[in-house]
Amino acid sequence: MSEIIPVPDDFEACVQHALDQNDKARAIVAQAVEKGVDKVFLVGCGGSHFGTYPAFDLLDRYARGLSVQRLTSAEFTSRDPQGIDETALVVPASHSGNTPETVAAAEFAKERGATVAVIAREGDSGLSRVGDVHLDYPDTISITEPKLVHNEQIALALLEAFGAEDRAATLRAALPALPKALRLVKDEVAIAGERIADVLEDSPLSYVVGAGPAYGMAKMMAWCYFQEMQWMNSAAINGGDFFHGPFEMILEETPLIALLAEDSSRPLGERVVTFGQKYTSKLGVVDTKEFSLPGIEGQAREDLSVIALMSAERRVLDHVAARRGHDTSVRRYMYKVQY
């Protein structure tokens, strides 16, 4: 086992910082509701976009009479979806707060009268100057979980306004447990992380599969973590699509990573695991059922397990990077060339 970088000392504090801004999230949703909101757009690039999948899933399944879309930032401005006006709530996210496409999306929405709730690190930025509210977090390596929390809190406030108060209450009761529960996940995923490091150490490619909101987690792992941060060939596959083409590529030595949470789409992921156990010797699985998640029980686990899954896979990256000896901060093009 290679030496793994430590979990940041400020991890729990960063998650708590986001939780402490719940009143701000509720206030901006109340402002949007007063304006007659009936549409929500979750907008971002890369990891900030993939991190919207849990909140989108909540709203899409439970909010009655509310239309919700998740779009990449440039897609948002180029497609110009119907209804970007005073009845829309737009939630653009960017760690730096200065991603050009995301700032443009926020400005585009603001010009049309939409309520704009931005998510970005602390401090002045293009997003913070445009948004009606700035939901922030410390500028640290622990950036994935705070963004997830902010999206979740906005989603819960919307559920309360659109006929799903009971579901929102169940999840709100469990949110205070997140800082410690997610910190524990970082340790509990070690066995899965080492297995995936074994699978990927000398492999030229990998397939990462997730169903439902876990598909967003598959995109994060394959595209942000393996392609961008490890320069590995990797593809993200929707668990619902796996048996409609991609499974034909699985051979005895093909790396297959399956991501499972505990939401209603879990059976799609379990089907992939069953296939992988039979047809490849290089199966790696991250399954939130293996995590204790103290303080998050019963129905709350169903939805909050997706957040735990994303937190777990960020730690898996540490295991893979340590094994391969590839610094996750190294880039060929990002932040270095015009694109």
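Please treat every number below as a calculation from the coordinates, not as lab data. Predicted model, so just to flag it, every value in this text is computed and none were measured. All Cβ positions, glycine included, derive from the backbone under ideal geometry; neighbour counts span all protein chains shown.
Grab the DSSP H runs of the chain that are 4 residues or longer, score each as -39,500 (n - 2.57), total them, divide by all residues and round the 222 nm result to the nearest 500 deg cm²/dmol.
On the way: 14 runs with 157 residues, N = 339.
The helix-only estimate for the chain comes to -14000 deg cm²/dmol at 222 nm.
At 37 °C and a viscosity of 0.692 mPa s, what translational diffusion coefficient does Stokes-Einstein give for region 34-181, taking Rh as the Kirkwood radius over Cα pairs? Give it in µm²/s as a whole number. Provide the component values of the computation, followed by the final result.
Working: Rh = 15.2 Å.
It comes out at roughly 216 µm²/s.
Classify region 58-97: rounded, prolate or oblate, from the alpha-carbon gyration tensor (a ≥ b ≥ c, eigenvalue square roots; a/c under 1.5 rounded; otherwise prolate if a/b is larger than b/c)? Mind dumping the intermediate values first?
Numbers: a/c = 1.98, a/b = 1.36, b/c = 1.45.
Oblate shape, in that a/c is at least 1.5 and b/c is the bigger or equal ratio.
Exactly which chymotrypsin sites (Phe, Trp or Tyr not before Pro) in region 196-302 are in a DSSP loop and have at most 15 other Cβ atoms within 10 Å? Please report the intermediate quantities before stating the final value.
On the way: sites: TYR207, TYR215, TRP223, TYR225, PHE226, TRP231, PHE242, PHE243, PHE247, PHE275, TYR279, PHE291; in loops: TRP231, PHE242, PHE243, PHE291.
Counting only loop positions with at most 15 other Cβ atoms within 10 Å, the chymotrypsin sites (Phe, Trp or Tyr not before Pro) in region 196-302 are TRP231, PHE243.
Mind running the shape call on region 212-282? Use the C-alpha gyration tensor, a ≥ b ≥ c as the square roots of the eigenvalues: rounded below 1.5 for a/c, prolate if a/b tops b/c, oblate otherwise.
Oblate, since a/c reaches 1.5 and b/c is not below a/b.
Below 8 Å between Cα atoms, with a sequence gap of 6+, how large is the relative contact order for region 190-339 in percent? Write out the running numbers ahead of the final one.
Details: 245 pairs, mean separation 45.8, N = 150.
Taking the mean separation of contacting Cα pairs over the length of region 190-339, I get 31 percent.
Once you keep just the Cα pairs under 8 angstrom separated by 6 or more residues, what percentage relative contact order results for region 204-292?
Reported relative contact order: 32 percent.
Over region 67-110, what relative contact order in percent results from Cα pairs under 8 Å that are six or more residues apart? Each step should come with its number before you reach the end.
Working: 23 pairs, mean separation 21.5, N = 44.
Relative contact order, region 67-110: 49 percent.
Apply 1/(1 + (r/R0)^6) to the Cβ-Cβ distance of GLN299 and ARG64, taking R0 = 22 Å, and write down the FRET efficiency to the nearest 0.05.
Values: r = 18 Å, r/R0 = 0.83.
Between GLN299 and ARG64 the formula returns 0.75.
Against the 2.2 N^0.38 Å scaling, with N counting residues, where does region 1-60 land? I'd like the Cα-based Rg ratio to two decimal places. Each step should come with its number before you reach the end.
Values: Rg = 16.5 Å, N = 60, 2.2 N^0.38 = 10.4 Å.
Expressed relative to 2.2 N^0.38 Å, the Cα Rg reads 1.58.
Under the classification rounded if a/c is under 1.5, otherwise prolate if a/b is larger than b/c and oblate if not, where does region 163-252 fall, given a ≥ b ≥ c as square roots of the Cα gyration tensor eigenvalues? Write down the numbers at each step before the final one.
Working: a/c = 2.70, a/b = 1.56, b/c = 1.74.
Note, shape of region 163-252 comes out oblate.
Go ahead and collect, in residue order, the members of region 118-149 whose backbone nitrogen is under 11 Å from a label point 7 Å along the Cα-Cβ direction of ASP10.
122, 137-143
Using the Kirkwood radius built from alpha carbon pairs, what does the Stokes-Einstein equation give as D for the chain at 20 °C and 1.002 mPa s, in µm² per second?
Values: Rh = 20.1 Å.
So the translational diffusion coefficient is about 106 µm²/s.
Kindly provide log₁₀ I(q)/I(0) values, in the same order as q = 0.11, 0.14, 0.29 Å⁻¹, from the Debye equation applied to equal alpha-carbon scatterers of region 40-109.
Values, matching the q order: -0.23, -0.38, -1.36.
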